[in-house]
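Read the structure below first, then the notes.
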Amino acid sequence: MDYPRPCGCKGRRTCLSCEAEFGIERSDFHTTFQNSDAYVFCPLCNKIYPGWDWKKVISEHADTPQHGGIQGETYPGVYIELDFLSTAEEVDLLHGLDELPWDVSQSGRRKQNFGPKTNFKKTRLRLAQFAGFPRVSEFVQCRFEQVPLLATFQTIEQCSLEYAPERGASIDPHIDDCWIWGERIVTVNLLSDSVLTMSPYRSIEGKTKYNLHFLEQYRKDLLGELMDEKMMLRFEHCIVRIPMPRRSLLVLYGSPRYQWEHSVLREDITDRRVCLAYREFTPMYLQGGSEFSQSEGIFERAKEFWDHRSVSVDS
């Protein structure tokens with residue numbers, strides 16, 4: 001079923017609606033991952049510890065800072081800032097976003113996408129209808145300037161993603177496209193706690209996915225180091241659970257960005273969750289890069305913020 005279904009899913013992507021209507025058997029990543037060696041990233045000490053329940057691991061840090069004497073391991077390439085937004089800011093932001101139209105998306109999600117038109121298969125980029133970002137979210141991008149890791153981050157796409165348990169919302173393991181989207185994957189989590197499940201990416205010889213081959217063009221410019229073969233073999237049968245507490249900021253870069261797939265499991269969505277996902281361009285499309293002529297107009301549009309209450313927004 002490669003064509004889009006009424007719910008928005010296609011291919012192997014499913015939600016509760018199309019599974020019931022078409023009798024589709026979904027991919028059970030939850031069971032697969034629970035049979036792996038699981039670790040949890042602790043945002044209080046930036047190390048990983050054995051376990052599945054991230055709330056338990058954080059509680060152990062609060063009760064005994066040494067996690068009960070367990071030696072944590074490093075897992076570089078993850079930055080978490082708790083309480084990145086205040087409760088009042090979250091309320092105002094969600095109120096504004098919910099006044100904008102939501103579009104159906106795959107795997108039970110809804111989305112609002114603000115950015116240029118991209119064709120990942122043909123590696124084509126167009127300005128299309130991109131007119132900038134809703135003003136209600138402008139303060140979030142401004143706050144990135146206070147985060148040293150994001151000092152040079154230039155937002156080129158902002159996407160609101162809604163996960164609702166009644167639709168069985170999730171997102172399958174994947175790596176964000178590497179032709180157009182740059183190293184830092186930025187997420188602001190709203191409304192409820194959630195968790196990102198990381199699994200090592202295993203390439204199939206002779207087949208390329210996610211346009212990963214473009215990485216070789218800008219590998220020297222990466223902010224985070226990639227894991228060597230020995231370290232990746234160490235994690236071959238492991239998953240890492242990264243907490244995304246409500247109102248927190250998460251940045252993935254380096255190894256978790258390029259050598260691990262990330263997913264949000266259906267079983268980890270217990271209440272409505274909205275996240276704002278931010279993307280930057282790869283170095284080829286930055287000023288001084290070989291493809292800047294294609295992106296210069298897009299950067300100009302990305303400086304614009306519009307008031308959704310006074311501008312007609314097409315759904």
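The values are calculated or read from the model by the stated rules, or taken from the named source; none is laboratory data. Nothing here was measured: the structure is a model prediction, and the numbers come from that model. Counting neighbours? That spans all protein chains shown, and the Cβs are built from the backbone with ideal geometry, glycine included. With ligands, DNA and RNA removed, areas are computed over all heavy atoms of the protein, side chains included. Shrake-Rupley method; radii C 1.70, N 1.55, O 1.52, S 1.80 Å.
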Exercise. Does residue 204 satisfy being part of a strand (DSSP E or B), over 15 Å from the mean Cα position of the chain (by Cα) and of a type in the set (A, V, I, L, M, F, W, C)?
Worked result: no
Problem set entry | Filtered residues of the stretch 173-201 (kept if within 22 Å of residue 237 (Cα to Cα) and assigned to a loop (DSSP other than H, G, I, E, B)) | 175, 176, 201
Exercise. Is it the case that residue 231 is hydrophobic (A, V, I, L, M, F, W, C), free of Cβ contacts under 8 Å to residues at least 60 places away in the same chain and open to solvent by 40 Å² or more (accessible area, probe 1.4 Å)?
Worked result: yes
Seminar exercise, completed: Subset of the stretch 49-89, residues small (Gly, Ala, Ser), over 29 Å from residue 145 (Cβ atoms) and surrounded by fewer than 14 Cβ atoms within 10 Å (Cβ to Cβ), comes to 59, 62, 68, 69
Problem set entry | Options 131, 169; residue that is assigned to a loop (DSSP other than H, G, I, E, B), among the aliphatic types (A, V, I, L, M) and open to solvent by 30 Å² or more (accessible area, probe 1.4 Å) | 131
Problem set entry | Check on residue 100, over 20 Å from residue 44 (Cβ atoms), touching a residue at least 24 places away in the same chain (Cβ under 8 Å) and in contact with a His (Cβ under 7 Å, 6 or more places away or on another chain) | yes
Seminar exercise, completed: Every listed condition ((1) under 23 Å from residue 263 (Cα atoms); (2) loosely packed, with under 15 Cβ neighbours inside 10 Å) holds for residue 118 save (2)
Exercise. When you go through 220, 230, 209 one by one, which is the residue that is under 25 Å from residue 109 (Cα atoms) and either at pLDDT 95 or above or out of contact with any Cys (no Cβ under 9 Å at 6 or more places or on another chain) (or both)?
Worked result: 209
Exercise. If a residue has to be within 21 Å of the chain's Cα centre (by Cα), crowded, with 17+ Cβ neighbours inside 10 Å and not in a loop (DSSP other than H, G, I, E, B) to count, how many in the stretch 12-48 make the cut?
Worked result: 9
Problem set entry | Residue under evaluation residue 278, criteria (1) farther than 22 Å from residue 123 by Cα; (2) touching a residue at least 40 places away in the same chain (Cβ under 8 Å), criterion not met | (1)
Seminar exercise, completed: Going through the stretch 141-171 in order, the residues found to be in contact with a strand residue (DSSP E or B) (Cβ under 6 Å, 6 or more places away or on another chain) and either farther than 19 Å from residue 300 by Cβ or of a type in the set (D, E, K, R) (or both) are 149, 157, 159, 160, 161, 162, 163, 169, 170, 171
For this session: Would you please name the residue that is least open to solvent (accessible area, probe 1.4 Å), looking only at residues in the stretch 272-302 that are over 22 Å from the mean Cα position of the chain (by Cα) and charged (D, E, K, R)?
Result: 291
Exercise. Within the stretch 231-252, is there a residue that is part of a loop (DSSP other than H, G, I, E, B) and β-branched (Val, Ile, Thr)?
Worked result: no
Exercise. Quick check: anything in the stretch 75-95 of a type in the set (Gly, Ala, Ser), more than 18 Å from residue 192 (Cα to Cα) and out of contact with any Leu (no Cβ under 7 Å at 6 or more places or on another chain)?
Worked result: no
For this session: Write out, first by first residue and then by second, each pair whose Cβ atoms fall under 6 Å of each other, whose residues are 6+ apart or on separate chains, and whose first residue, in the stretch 113-140, is free of Cβ contacts under 8 Å to residues at least 40 places away in the same chain and on the phi < 0 side of the Ramachandran plot while the second is exposed (fewer than 14 other Cβ atoms within 10 Å of the Cβ) and of a type in the set (A, V, I, L, M, F, W, C).
Result: 117/128
For this session: Report, ordered by the first and then the second residue, all pairs with beta carbons closer than 8 Å, sequence separation of six or more or different chains, a first member in the stretch 49-74 that is in contact (Cβ under 8 Å) with a residue 40 or more places away in the chain and outside any helix (DSSP H, G or I), and a second member that is of a type outside the set (Lys, Arg) and open to solvent by 80 Å² or more (accessible area, probe 1.4 Å).
Result: 52/34
For this session: Can you give me the number of residues within the stretch 144-161 that are open to solvent by 10 Å² or more (accessible area, probe 1.4 Å) and either of a type outside the set (Phe, Trp, Tyr) or on the phi > 0 side of the Ramachandran plot (or both)?
Result: 11
